[in-house]
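Contents: one structure, followed by commentary.
Any read-out appearing in this document is the output of simple, stated calculations on the displayed coordinates, not a laboratory observation. Keep in mind that what you see is a predicted model, and the values were worked out from it rather than measured. Every residue, glycine as well, gets a Cβ built from its backbone with ideal geometry; the counts of neighbours run over all protein chains shown.
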Amino acid sequence: MTNAPKLRTGSLARKAGVGLQTILYYDKRGLVKPNSRTEFGHRLYEEAAVRTIRFIKNAQSLGFTLDDISTLLHYRGRKNSGSASVRRKTQLRLEAIRAELKEIKSRERRLSTILNQCSGGKTKVEGCPILNAIESSALR
């Protein structure tokens, strides 16, 4: 057993740069767990939990879901274990982001098209061209 100081939930949140509810949610999801509790039931975390929370936030910033991150955490710190799984998970995430980008570009083109049809109310067109375009099925 280690004598290293333990962090209560609020201290862990401050050190990791996240909100208290984030820690509680990650705990509920099984991504970070307290190592012990005080006699009053307060969660106590090891200092390593700060690195785990930062790992989770970094992974989220790359587009990984919490389910993905759970898998990544499973392999984290294991030498020569799971690299193929981690690579596959990363490849799938990249493909999903590329699909999202393609959809965003499509929406951008459609919005640009309908915006260009709008003269800002300077012509006597029946109704608003933007609203008319949104209402029509021709946008898809």
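Of the trypsin sites (Lys or Arg not before Pro) found in the range 21-112, the ones in coil according to DSSP and having at most 16 other Cβ atoms within 10 Å of their Cβ are Arg76, Arg78, Lys79. Kirkwood-based Rg over Rh for the chain (C-alpha set), two decimals? Rg/Rh: 1.25. Between Glu95 and Glu47, the simple label model (points 7 Å from Cα in the Cβ direction) yields a spacing of 4.2 nm.
Report the longest stretch of the chain that contains none of the GluC sites (Glu not before Pro) sitting in a DSSP loop with at most 15 other Cβ atoms within 10 Å. Please list the in-between numbers first.
Working: sites that count: Glu39, Glu47, Glu126.
With GluC sites (Glu not before Pro) excluded where exposed in loops, the chain gives 48-125 as its longest stretch.
Pairs of lysines in the chain whose Cα atoms sit within less than 30 Å of one another amount to 24, provided the residues are eight or more positions apart or on different chains.
FRET efficiency for Leu62 and Lys105, Cβ-Cβ distance as r, R0 = 25 Å, nearest 0.05? After rounding to 0.05, the efficiency reads 0.75. Of the chymotrypsin sites (Phe, Trp or Tyr not before Pro) found in the range 1-76, those in coil by DSSP whose Cβ has at most 12 other Cβ atoms within 10 Å are Phe40.
Scaled against the 2.2 N^0.38 Å expected of a compact globular protein of N residues, the Cα radius of gyration of the range 1-63 reads 1.08. Rounded to whole Å, the principal axis extents of the Cα atoms in the range 38-78 read 38, 21, 15, largest first.
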